[in-house]
Structure formats: C-alpha cells, structure tokens
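Have a look at the structure below, then the notes.
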Amino acid sequence: MRIKFHQSLGDLRERLLVMAGMAEQAIQRSIEAYRTRDLSICELVFRSEPAINRLEREIDQMALDLLAMEQPMAIDLRFILSVIRINADLERVGDQAVNIAVRVREMGAFANIDLPVDIPKLASLASAMVRKALQAFIEADAELAQTVLALDDQVDEMNDAAFVSLSGLIKERADLTPQSLNALIIARNLERVGDHATNIAEDVIFWVRGADVRHTSTAG
C-alpha cells in the first residue's frame, strides 16, 4: 500500500513538472513576442492558457484525493500541501504571460519605439527565479530555494526603476503614453512572476524543513 502511495506522490510530482514547463514556456513566448512584436507568438500564449488551467485542476484533484485517501503524515503531508500551493502559483505565472501577450498585442498598433526600460533583462531575471525555484523543488534543496528569495529584491528594484523612467517619459511625451503604459504594465507583470517564484521557493523550504517562511520578515 505504501509503495502505491509513493508511486502516486511520484505521479503528482511529474504532473507538476509538466505544469511548470508549460508556465515557463508561456512566459518565454510572451517575452519573445515583446522582443519581436510578432503577434502570432501572442496567439500561442493565448492558446496554451486553457491547457494550463485544465492541468491545474487535474493536479489539485490528484493532491486532494491523496490527502483524503492516505491521510499522510509529516514530510509527505507537507509535500502534498506544497504541491497544491506551487500549482496555484504556476497557474498564475501562466496568467501573467497572458497579460503580457495582451499588452504586446496592444503595442502592435503603435510604432515600435525605443523605451527607457529593459524588459528582456527584467524577464530573464524573473524567469531565472522561476527556474531556480523549480530546480530547488526537483532536488528538494532548501538552500537553493533560499537563494531565490534574495533575487526578489533585484526584480523589485528593476520594476521601480522602470516605473520612474516610464512615468517620466509619459510626462514629457504624451504621444508615447500608450507604449509607455503598456511597457509599465508588462514590468509589473514580470514583478508578479518574481513574486510567484518567491512563493514557490518558500513552499520548497516549508516542505523540506517544515518551516513556513511565507510572509515573515526572515524570508529575505
């Protein structure tokens, strides 16, 4: 019976990693769409959303079934609870990718101008956070998860800098307001991706160490 239970935990882990791959791909595509202004890539992001939502529900159901049938203890219980929370954060990463793609599509109606913000750099930092948090999950490595928490401040700083430079541009050049506003919102979406990566890292720490570091001052 325990062997079957541990096989089920393995299945749950595998499904979550599929979900992670889909969420990461959606973010990469949305940023590629921003970089190239290729609206067909936006369409790929929109089309992937229902599959991500479906998989989220499937993983939740698997986790809830395991909780109900097995009444797991200690580290297994923490693992299943962490999967439920990580699953929700990955679905929201997918949502942020859709939000970015919507903004890129809107920007397509205007001239492609050079804006005072490095969206690809912000995106690569936020994506690296997600990747590292997932690596920590795969390896059950709480120390690696801890390093993700430190990166969140960098993403926040870059987003704050984007806000200052883009709102300054809006004041100086009213004609560039649509592009500036959309870029501002994309930077905010990427900051949210960093927040979700932080949540995932905190859930890994909770699972491995049994310490809940969400929303505590020691998290940074």
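The values are calculated or read from the model by the stated rules, or taken from the named source; none is laboratory data. Model, not experiment: these values are computed from the prediction. When we count neighbours, we look across all protein chains shown, and the Cβ atoms used for this are built from the backbone with ideal geometry, even at glycine. The area values use the complete protein model at the heavy-atom level, side chains included, leaving out ligands, DNA and RNA. Shrake-Rupley method; radii C 1.70, N 1.55, O 1.52, S 1.80 Å.
Here are the numbers for the structure shown:
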read-out	value
Only listed residue being touching a residue at least 40 places away in the same chain (Cβ under 8 Å), polar (S, T, N, Q), crowded, with 18+ Cβ neighbours inside 10 Å and out of contact with any Gly (no Cβ under 9 Å at 6 or more places or on another chain), chosen from ASN112, ASN87	ASN87
Verdict on SER124 being within 17 Å of VAL18 (Cβ to Cβ), in a helix (DSSP H, G or I), modelled with pLDDT of 95 or more and not acidic (Asp, Glu)	no
Residues of the stretch 90-109 classified as open to solvent by 10 Å² or more (accessible area, probe 1.4 Å) and part of a helix (DSSP H, G or I), total	10
Qualifying positions in the stretch 106-126 - touching a helix residue (DSSP H, G or I) at 6+ places or on another chain (Cβ under 6 Å) and within 30 Å of TRP207 (Cα to Cα)	LEU122, ALA123, LEU125, ALA126
Candidates ASP195, ASP212, filtered to the one that is of a type outside the set (Lys, Arg) and at pLDDT below 95	ASP212
Inter-residue pairs, beta-carbon under 7 Å, first within 17 Å of ALA88 (Cα to Cα) and outside any loop (DSSP other than H, G, I, E, B) and in the stretch 202-220, second modelled with pLDDT of 60 or more and of a type in the set (D, E, K, R), 6+ apart	GLU202/ARG214; ASP203/ARG85; PHE206/ARG78; PHE206/ASP212; TRP207/ARG78
The stretch 116-137, residues that are open to solvent by less than 20 Å² (accessible area, probe 1.4 Å) and of a type in the set (A, V, I, L, M)	ILE119, LEU122, ALA123, ALA126, MET129, VAL130, ALA133, LEU134, ALA136
Residues within the stretch 54-78 that are of a type in the set (Val, Ile, Thr) and either at pLDDT 95 or above or closer than 16 Å to LYS4 by Cα (or both), tallied	1
Search result, residues across the stretch 42-76 that are free of Cβ contacts under 8 Å to residues at least 40 places away in the same chain and either among the β-branched types (Val, Ile, Thr) or buried (at least 16 other Cβ atoms within 10 Å of the Cβ) (or both)	LEU44, GLU56
Unique residue being under 16 Å from the mean Cα position of the chain (by Cα), over 11 Å from ASN87 (Cα atoms) and either in a helix (DSSP H, G or I) or not charged (D, E, K, R) (or both) when the list is GLN7, GLN28	GLN28
Qualifying positions in the stretch 105-114 - of a type outside the set (D, E, K, R) and modelled with pLDDT under 95	GLY108, ALA109, PHE110, ALA111, ASN112, ILE113
Candidate set from the stretch 16-35 (those that are crowded, with 17+ Cβ neighbours inside 10 Å and charged (D, E, K, R)); member that is farthest from GLU56 (Cα to Cα)	GLU32
